[in-house]
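Okay, so here's the structure we're looking at.
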Amino acid sequence: MALDPDPASRVTMHQRPRPRAEAVLTTRRWHAIALSAVTMAARTLAVLAWASGPDPAAGTPAVAGTMAFDTFVLHQFINLLNSRHETRTVFHADTLRNRWRWFLLATVLGFLIAATHLEPLERLFDTTSITFAKLTICAHVASTGLWIEEAHTLIHRTHTKEPKQ
């Protein structure tokens, strides 16, 4: 997913180049990465602790483990959307128009469903089938990352002057 092909931004050539001494990963970006990592880990572990099902036995797939796996993968799904721009909302037209991004996201979702519903892949990933309702819970938990990053972006955007897109 990291190879998501984004078209060039219309304002890129109107921005001043960053200074040579400035790091590619700015302090703001490191803060965003840390916030994302901590909240993603906390939400995934919360699903693992909360999910119902019998106590897992060694070598036996558990519902809680499958839900944690699904939540983690869906976090990466959300990260693909969140990481495209520092000051632009995910709901910008450029994000919504990128067909390759949606193809990649649909492929990831298809693989996730296959990993939890096709027996050979269940054995490979040590997962078990879960209901649509439980998958929906995983999606809701993972989607909070989108809203946290949208709030973070909004705060940053109000403090940054950037040319209109």
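All of the numbers you see were taken from the coordinates with simple rules; none came from a lab. None of the values given here were measured: they were computed from a predicted structure. When we count neighbours, we look across all protein chains shown, and the Cβ atoms used for this are built from the backbone with ideal geometry, even at glycine.
Per the conditions (1) closer than 25 Å to Met13 by Cβ; (2) in contact with a Lys or Arg (Cβ under 8 Å, 6 or more places away or on another chain); (3) touching a residue at least 40 places away in the same chain (Cβ under 8 Å), the sole criterion not satisfied by Trp100 is (2). Inspect all residues belonging to the range 50-67 and state whether any of them is in contact (Cβ under 8 Å) with a residue 60 or more places away in the chain and within 16 Å of the chain's Cα centre (by Cα). Checked the range 50-67: at least one residue is in contact (Cβ under 8 Å) with a residue 60 or more places away in the chain and within 16 Å of the chain's Cα centre (by Cα).
Of all residues in the range 110-126, those being over 11 Å from Thr66 (Cα atoms) and part of a loop (DSSP other than H, G, I, E, B) number 1. Of the residues contained in the range 127-135, none is found to be in a loop (DSSP other than H, G, I, E, B), within 20 Å of Trp30 (Cβ to Cβ) and more than 20 Å from the chain's Cα centre (by Cα). With respect to the conditions (1) surrounded by fewer than 17 Cβ atoms within 10 Å (Cβ to Cβ); (2) under 16 Å from Ala62 (Cβ atoms), Leu109 lacks only one, and its number is (2).
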